[in-house]
Amino acid sequence: MSSTLATQPAPVVASQATLWGHQALQPGPVTARWQALDRDSSVLHQPHWLAGADAAFDELYESTDWRSMRRPMYDRIVDVPRLIATERRGAVRKGTALDTIVAGVEALLGVTADHIGLNLYRTGADSVTWHRDRIGRQRDWSVIALVSLGGPRTLSVRPWSGSQRRAASRHYALASGDLLVMAGACQRDWEHAVLKTAAAAPRISLALRSRQFPQGPLFQHVGVPPLMV
Ligand SMILES: O=C(O)CCC(=O)C(=O)O
């Protein structure tokens with residue numbers, strides 16, 4: 001654990017741990033359907049995709065080299081309000097929780113993760129503001145899979161531009177073990193955020209990104225827009 005993290009409050013996973021969350025780590029089937037945001041962009045939210053998610057939270061919380069970052073905002077340099085880590089696919093050790101989760105997502109998508117990002121939201125004050133992921137901003141399609149571990153948080157999605165952004169917003173309540181996939185032009189035409197909230201237990205999200213065209217079982221679901229099949 002990094003020294004930055006050591007100064008943070010200890011996680012309170014035990015208060016919300018579930019029997020399901022402490023089973024053996026095992027990705028499950030996907031029964032949810034794609035929801036079209038518009039003609040080119042779709043989101044799939046699969047609750048309870050990963051059994052053993054609470055134990056995976058504990059392992060990743062301890063073993064990840066979390067970094068705090070600062071970034072320019074207007075005329076100031078501010079703290080990024082969450083801790084962050086990145087992994088190269090080739091550097092992920094076999095048999096770890098990260099390896100099992102990444103392999104499970106890759107099997108569904110039919111791609112190798114080009115980029116693995118991890119976010120640690122320590123409290124409700126940690127967040128990620130509205131943004132589009134760089135990997136897909138200029139592309140007709142990209143695929144980003146998010147796996148949630150630990151406390152629940154809401155991921156919001158809204159159009160990137162236009163006057164009806166608020167009305168068109170969607171909100172996904174993500175619990176430990178949930179999988180959310182954004183596909184198509186979600187990073188070109190839509191933006192997403194995990195906004196601050198009054199109180200929240202610690203949460204880790206894994207973000208797997210790929211530029212390869214996904215051909216796995218997730219993309220053979222009925223209901224995927226024509227673009228994706
Ligand atoms: O924590 C999440 O689920 C979202 C993370 C995210 O938007 C990102 O890493 O770009």
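Every read-out reported here was derived from the displayed coordinates using simple, explicitly stated rules and does not represent laboratory data. On a predicted model such as this, the values are computed, not experimentally measured, just so you know. All Cβ positions, glycine included, derive from the backbone under ideal geometry; neighbour counts span all protein chains shown.
Footprinting exposure proxy ranking of H171, H22, fewest other C-beta atoms within 10 angstrom first, gives H171, H22. Farthest towards the positive end of the charge dipole of the chain, among the residues L118, I77, S210, is the Cα of I77, using unit charges on the Cβ of Lys, Arg, Asp and Glu.
Among 99-112, 48-61, the peptide with the highest mean count of other Cβ atoms within 10 Å heads the list, and the full ranking is 48-61, 99-112.
With the contact rule set at Cα under 8 Å and sequence spacing of 6 or more, what percent relative contact order holds for the chain? Kindly include the intermediate steps, with their values, before the conclusion.
Values: 521 pairs, mean separation 64.2, N = 229.
That works out to 28 percent.
In sequence order, segment 23-32 has phi-based couplings of 5, 4, 5, 7, x, x, x, 10, 10, 6 Hz under the Karplus curve 6.51 cos²θ - 1.76 cosθ + 1.60, θ = phi - 60°, and Gly or Pro positions carry x. Taking amide H positions as modeled 1.01 Å from N, with prolines and chain starts lacking one, the residues under 5 Å from R153 and 5 or more places away or on another chain are L174. Couplings 3J(HN,Hα) of segment 118-131, computed from phi: 10, 10, 10, 9, 6, 9, x, 6, 7, 6, 10, 6, 4, 7 Hz, in residue order, whole Hz [Karplus 6.51 cos²θ - 1.76 cosθ + 1.60, θ = phi - 60°; x for Gly and Pro]. Evaluated at q = 0.08, 0.11, 0.13, 0.17 Å⁻¹, the base-10 log of the normalised Debye intensity for the chain, with identical point scatterers placed on the Cα atoms, takes the values -0.27, -0.53, -0.75, -1.32. What is the Cα centroid distance between segment 95-112 and segment 166-186, reported in whole angstrom? That distance is 20 Å.
With a 10 Å radius around each residue's Cβ, average the other Cβ atoms per peptide and rank 123-132, 151-160, highest first.
Details: 123-132: 16.6, 151-160: 18.7.
For the peptides 123-132, 151-160, the packing ranking is 151-160, 123-132.
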